[in-house]
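Here the structure is laid out as structure tokens; the discussion comes afterwards.
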Amino acid sequence: MVSRRLFCDVAVAFGLLLLIGSCSAEKAPYKSFAKYATSAPPEEYYDYIIIGGGTAGCALAATLSSAAKVLLLERGDLPYNNPNVTNISGFPFSLADNSPNSVAQQFISTDGVFNHRGRVLGGGSAINAGFFTRASADYVRGVGWDPRMVNESYEWVEKKVAFQPTVAAWQAAVRNGLLDAGILPYRGFTFEHLHGTKVGGSIFDENGYRHTAADLLEYANSTNIRVYLHATVHRVMFTTDPGKKPQATAVHFRDSKRQRHVAYLNNGTKNEIILSAGALGSPQLLMLSGIGPSNHLEAQGIEVILDQHMVGQGMSDNPMNVVFVPSPQPVEISLIEVVGISEVGTYVEAASGFFELVWGSRIAQDFAKLANQVDRFTLPTNSSIFQELIQQPQQSEGGNLQAGVILEKVTGPLSTGYLELQTRNPKDNPRVTFNYFQDPRDLQRCVQGMDIIRRVIESRSFAPFRYPFATFQSLINFMLSMPINLRQKHFASTYSMEQFCIDTVMTIWHYHGGCQVNRVVDRDYRVLGVDALRVIDGSTFYNSPGTNPQATVMMLGRYMGQKILKER
């Protein structure tokens, strides 16, 4: 029998593998303006207060600082002193860390799927798999953004954080396998979102060093910006004069020693508070501040500022399904570099080499503890496929496993869920339900995506990385033996790809929604029903842009920063 410990080690490895110009600049880590919140005075005044130094917030703060006094509040630390963030080889270990100040805060959705949210300057760009690619032209038109400004904003971001990867053997085999599988034409290297097979950008440079959204603060005017680290925002404060809309006026936050601080807006009709706390953090903070469904807020003991039942609605997470492929020869350490963008609404990508680092290690224990807290977690009884695979000679002399994974992500998705508060503590995760595959069209896309993966694995180009005994069906059975989520496994999954998709669904960390345009914010991202408050981040999206949203979220911070400055 294979031990539960070993199952969990491999399960975590699967989950961890697949995770996303103004004045004179100062190189990171910006010691002149990035300070711990313990150094903040009890009260301060700014033109713009940005909550969340993540993928959008850093770009937004850097842009606004060119012409206004800006405060950026980040609940985490700098990314630069953490080798698990800065080096590609540390990717799985940063996600496995569940200490109180870890850069990746773990949560489990009510769907029984493991997930993470960033808790570090740079946000999700500091913990993801690094793929960098733009949204499609159709997406830009559909949202209503100015294409010229969008392109300029992408270029502004790309100068700091985007690189062309060196495609080594595993990624090349997947690329060629996608072409063999008919995902045509070949687009070469490009940031653009184009149907076919392409090599995309990466925020890891040629030395495997990660460049996060925090690097965009190198553009900032250091005389106009202050960044407070380990600053946990508890609520936005409002004035509520009779006959007028509630107006955001200040932010209450606490430092790492639990000391209270208040940042106020300067006098002026153009000054604003901007939420950039992400798809979980922004709707959570709106609710904690009294903007949300009144019955839910009252049940939590929160004073209602505005009854807004759409806050927390429209939550979506693009479902991901994975096939693990043991290799008869060594594979490079690689995260997402190649993508097949199909016409059927699914994207196929790959990663490799990290099992050399995590096989047999202790990093899975933290996730195992989480799993033990969920009573639906049960191990499958049939582990014969697992035993067959690990007994094969693909294990290296050190007992590590040479392997990679090929995954598919469903575009959109069309299925949606919701977010609710669990407590009034802003450090606690909200309760979120994504309703994976609620819309049958998402399920059909998953089935089609899995068929593309099958064709890649069975292709001549991929043959050097496939054991002769490892049929696609045996790899599917192997996936069913792994506790990669907390969902019940069904016998039908062995022959029904629909059931396989449902039972083995994972996150690709591209969740969005909760503060969507025309529901919670207007087309300029102003919160409906109140003044001096905006939300600028992925919580405003209806669909995940491109094959990875991080480039577009960074672009949005720059884009909206420029628009806001034009309004001053």
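If you go through segment 178-197, how many residues are among the hydroxyl-bearing types (S, T, Y) and closer than 22 Å to R460 by Cα?
Going through segment 178-197 one residue at a time, the tally reaches 2.
Return the pairs, sorted by first residue and then second, in which the second residue is open to solvent by 20 Å² or more (accessible area, probe 1.4 Å) and of a type in the set (S, T, Y), the first residue lies in segment 167-193 and is closer than 26 Å to V157 by Cα, the beta carbons are less than 7 Å apart, and the residues are 6+ apart or on different chains.
Qualifying pairs under 7 Å: H193/S136.
Could you list, in sequence order, the residues of segment 211-229 that are closer than 11 Å to L78 by Cα, over 20 Å from the mean Cα position of the chain (by Cα) and not hydrophobic (A, V, I, L, M, F, W, C)?
Of everything in segment 211-229, just one residue is closer than 11 Å to L78 by Cα, over 20 Å from the mean Cα position of the chain (by Cα) and not hydrophobic (A, V, I, L, M, F, W, C), namely Y228.
Within 22 Å of T547 (Cα to Cα), open to solvent by less than 10 Å² (accessible area, probe 1.4 Å) and not in a loop (DSSP other than H, G, I, E, B): is that true of S125 in this structure?
Against the criterion (within 22 Å of T547 (Cα to Cα), open to solvent by less than 10 Å² (accessible area, probe 1.4 Å) and not in a loop (DSSP other than H, G, I, E, B)), S125 qualifies.
Mind checking whether some residue in segment 535-558 is open to solvent by 10 Å² or more (accessible area, probe 1.4 Å) and part of a strand (DSSP E or B)?
Checked segment 535-558: no residue is open to solvent by 10 Å² or more (accessible area, probe 1.4 Å) and part of a strand (DSSP E or B).
Out of segment 454-474, which residues are buried (at least 18 other Cβ atoms within 10 Å of the Cβ) and either of a type in the set (S, T, N, Q) or closer than 13 Å to W170 by Cβ (or both)?
Answer for segment 454-474, where residues must be buried (at least 18 other Cβ atoms within 10 Å of the Cβ) and either of a type in the set (S, T, N, Q) or closer than 13 Å to W170 by Cβ (or both): V456, I457, S459, F462, F465, R466.
Can you tell me which of (1) under 21 Å from T63 (Cα atoms); (2) open to solvent by 10 Å² or more (accessible area, probe 1.4 Å); (3) among the hydrophobic types (A, V, I, L, M, F, W, C) is the one I183 doesn't meet?
In the conditions (1) under 21 Å from T63 (Cα atoms); (2) open to solvent by 10 Å² or more (accessible area, probe 1.4 Å); (3) among the hydrophobic types (A, V, I, L, M, F, W, C), I183 misses (1) alone.
Tell me which residues, restricted to segment 508-518, are surrounded by fewer than 24 Cβ atoms within 10 Å (Cβ to Cβ) and in contact with a helix residue (DSSP H, G or I) (Cβ under 9 Å, 6 or more places away or on another chain).
Q516, V517 - these are the residues of segment 508-518 that are surrounded by fewer than 24 Cβ atoms within 10 Å (Cβ to Cβ) and in contact with a helix residue (DSSP H, G or I) (Cβ under 9 Å, 6 or more places away or on another chain).
Yes/no per residue for (1) in contact with a Ser or Thr (Cβ under 7 Å, 6 or more places away or on another chain); (2) at pLDDT 50 or above; (3) under 16 Å from N321 (Cα atoms):
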| position | (1), (2), (3) |
| --- | --- |
| T378 | no, no, no |
| S384 | no, no, no |
| P413 | yes, yes, yes |
| E420 | no, yes, no |
| K427 | yes, yes, no |
| V447 | no, yes, yes |
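Kindly establish whether R226 is within 30 Å of E43 (Cα to Cα), among the basic types (K, R) and at pLDDT 95 or above.
yes
If I filter segment 548-559 for residues that are within 30 Å of S276 (Cβ to Cβ) and hydroxyl-bearing (S, T, Y), do I get at least one hit?
Scanning segment 548-559, I find at least one residue that is within 30 Å of S276 (Cβ to Cβ) and hydroxyl-bearing (S, T, Y), so the answer is yes.
Just to check your reading of the model, which residue among L229, L265, L216 is out of contact with any Lys or Arg (no Cβ under 6 Å at 6 or more places or on another chain), of a type outside the set (K, R) and open to solvent by less than 10 Å² (accessible area, probe 1.4 Å)?
Of the residues listed, the single one that is out of contact with any Lys or Arg (no Cβ under 6 Å at 6 or more places or on another chain), of a type outside the set (K, R) and open to solvent by less than 10 Å² (accessible area, probe 1.4 Å) is L229.
On the given criteria, is S202 of a type in the set (S, T, N, Q), over 30 Å from R455 (Cβ atoms) and buried (at least 23 other Cβ atoms within 10 Å of the Cβ)?
No, not satisfied.
What are the residues in segment 100-117 that are open to solvent by less than 10 Å² (accessible area, probe 1.4 Å) and either assigned to a loop (DSSP other than H, G, I, E, B) or among the small types (G, A, S) (or both), if any?
Within segment 100-117, S102, A104, S109, G112, V113 qualify.
Is there a residue in segment 228-248 that is in contact with a strand residue (DSSP E or B) (Cβ under 7 Å, 6 or more places away or on another chain) and farther than 27 Å from H512 by Cα?
Yes.
The values are calculated or read from the model by the stated rules, or taken from the named source; none is laboratory data. Predicted model, so just to flag it, every value in this text is computed and none were measured. Neighbour counts run over all protein chains shown; Cβ positions are idealised from the backbone, glycine included. Accessible surface is based on the protein model in full, side chains and every heavy atom, while ligands, DNA and RNA are left aside. Shrake-Rupley method; radii C 1.70, N 1.55, O 1.52, S 1.80 Å.
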